[in-house]
Amino acid sequence: MSDLDRVRQRLAASQRLAVLTGAGISAESGVPTFRGPGGLWCNHRAEDLATPEAFHRDPKLVWEWYNMRRTALVGVQPNPGHHALAVMQEKLPGFNLVTQNVDGLHAVAGNSDPVEIHGNIWKVRCTACHAITGDHRVPIPTPPSCAACGALLRPHIVWFGESLDSDVLERAFAAFEYCDVALIVGTSGVVQPAASLADLARRRGAFVVEVNLEPTPATGVVDVALHGRAGEILPQLLPG
Ligand code: BJW
Ligand code: ZN
């Protein structure tokens, strides 16, 4: 039996499916990944801009980076990989989607309530009163201020060294702890704590599948690694 058939068979029998996605699933929609080509902006690495220290030092620079990314996202549409996950949610029981992506494309594709563990680029948070609001302005004035209290707004995104929201983290861990099949899609598997979810599912006895263009640190722990484009592989996994 081919690897693809084994995965199809496991999915058809699954009662609880957990999916983790990363930047690779949005690559075919034209959104650059973090660690591939296009990962640099004006010679800054994402790791140097996505920190509370960088924002404290130069909020305008960090907001300009987000403005570039918000501008690039205007008009971007979900691709067949996103759509396949929306169909899985409709057709398979116990579906949970955890995404590291901040682009919001899973919701646009029709997935209800994806767990966005690193936040959402279309939300802002006040650095003083902590109010979280949706904000689709493109470009956003740099630096923007809170309508309620006038203080500096920041992106509602989890930067390096910041803790993930505890409720969000709990939902993500519960999904992978209690699943019988886990799909790990388009992530380099180097950023914690998301990177530990594949191993958690495997240790709890789930059948773990990786979908990626290339091997990653997770490849060694998964049951099946499907190498190729998520937008081509995921639609082939759908129940008939
Ligand atoms: C395709 C494809 C196609 C392409 N089809 N595939 C334990 C050990 C060591 C360090 C730590 C640790 N615990 C925590 C840390 C520190 C840190 C961390 O993990 N550092 C490592 C990098 C070393 N983690 C944190 O700070 C986290 N906070 C935390 O844990 O708090 C508690 C704590 C703090 C400090 C110490 C200990 C505990 C927070 C992490 C927040 C990460 N945020 C970012 C930036 C958001 C900014 C923004 O977007 O504006 O989120 S980092 C960046 O990486 C972004 C992504 O969500 C994340 C993951 O990247 P992803 O999605 O995997 O993308 P890529 O580009 O890396 O990979 C793309 C993949 O797709 C590749 O594999 C391609 O092959 C593939 N691909 N096209 C299929 N068509
Ligand atoms: Zn405020």
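The values are calculated or read from the model by the stated rules, or taken from the named source; none is laboratory data. From a predicted model like this one, the values you see are computed outputs, not experimental measurements. Positions of Cβ are backbone-derived with ideal geometry, glycine not excepted, and every protein chain shown enters the neighbour counts. These area figures cover heavy atoms from the full protein model, side chains too; ligands, DNA and RNA do not enter into them. Shrake-Rupley method; radii C 1.70, N 1.55, O 1.52, S 1.80 Å.
Would you confirm whether or not region 128-150 contains a residue that is among the hydrophobic types (A, V, I, L, M, F, W, C), within 19 Å of Gly24 (Cα to Cα) and away from ligand 2 (no atom under 16 Å from the Cβ)?
No, region 128-150 contains no residue that is among the hydrophobic types (A, V, I, L, M, F, W, C), within 19 Å of Gly24 (Cα to Cα) and away from ligand 2 (no atom under 16 Å from the Cβ).
Which residue, of Ser112, Ser196, is open to solvent by 20 Å² or more (accessible area, probe 1.4 Å) and within 16 Å of ligand 1 (Cβ to nearest atom)?
After applying the criteria, what remains is Ser196.
Does Leu169 satisfy the criteria of being surrounded by 14 or more Cβ atoms within 10 Å (Cβ to Cβ), of a type outside the set (Lys, Arg), touching a residue at least 12 places away in the same chain (Cβ under 8 Å) and not in a loop (DSSP other than H, G, I, E, B)?
So Leu169 fits the description; yes.
Check region 152-166 and report whether any residue there is exposed (fewer than 13 other Cβ atoms within 10 Å of the Cβ), more than 16 Å from ligand 2 (Cβ to nearest atom) and assigned to a loop (DSSP other than H, G, I, E, B).
Yes - at least one qualifying residue is present in region 152-166.
For residues that are touching a helix residue (DSSP H, G or I) at 6+ places or on another chain (Cβ under 8 Å) and either open to solvent by less than 50 Å² (accessible area, probe 1.4 Å) or not in a helix (DSSP H, G or I) (or both), tally how many sit in region 209-222.
The qualifying residues number 8.
Show the residue pairs meeting these rules: Cβ distance below 9 Å; 6+ apart or different chains; first residue within region 210-236 and free of Cβ contacts under 8 Å to residues at least 12 places away in the same chain; second residue more than 16 Å from ligand 2 (Cβ to nearest atom) and open to solvent by less than 50 Å² (accessible area, probe 1.4 Å).
Once the first residue is free of Cβ contacts under 8 Å to residues at least 12 places away in the same chain and sits in region 210-236, its partners that are more than 16 Å from ligand 2 (Cβ to nearest atom) and open to solvent by less than 50 Å² (accessible area, probe 1.4 Å) give Thr219/Gly189; Thr219/Glu210; Thr219/Asn212; Thr219/Ala225.
Determine the pairs where a residue that is free of Cβ contacts under 8 Å to residues at least 60 places away in the same chain and among the polar types (S, T, N, Q), located within region 114-140, has a partner that is open to solvent by less than 60 Å² (accessible area, probe 1.4 Å) and more than 15 Å from ligand 2 (Cβ to nearest atom) with Cβ atoms under 8 Å apart, the partner being 6 or more residues away or on another chain.
Pairs found: Asn120/Val102; Asn120/Gly104; Asn120/Ile157.
Kindly establish whether Arg6 is closer than 21 Å to Leu213 by Cβ, modelled with pLDDT of 95 or more and open to solvent by 60 Å² or more (accessible area, probe 1.4 Å).
Here the answer is yes, as Arg6 does meet what is asked.
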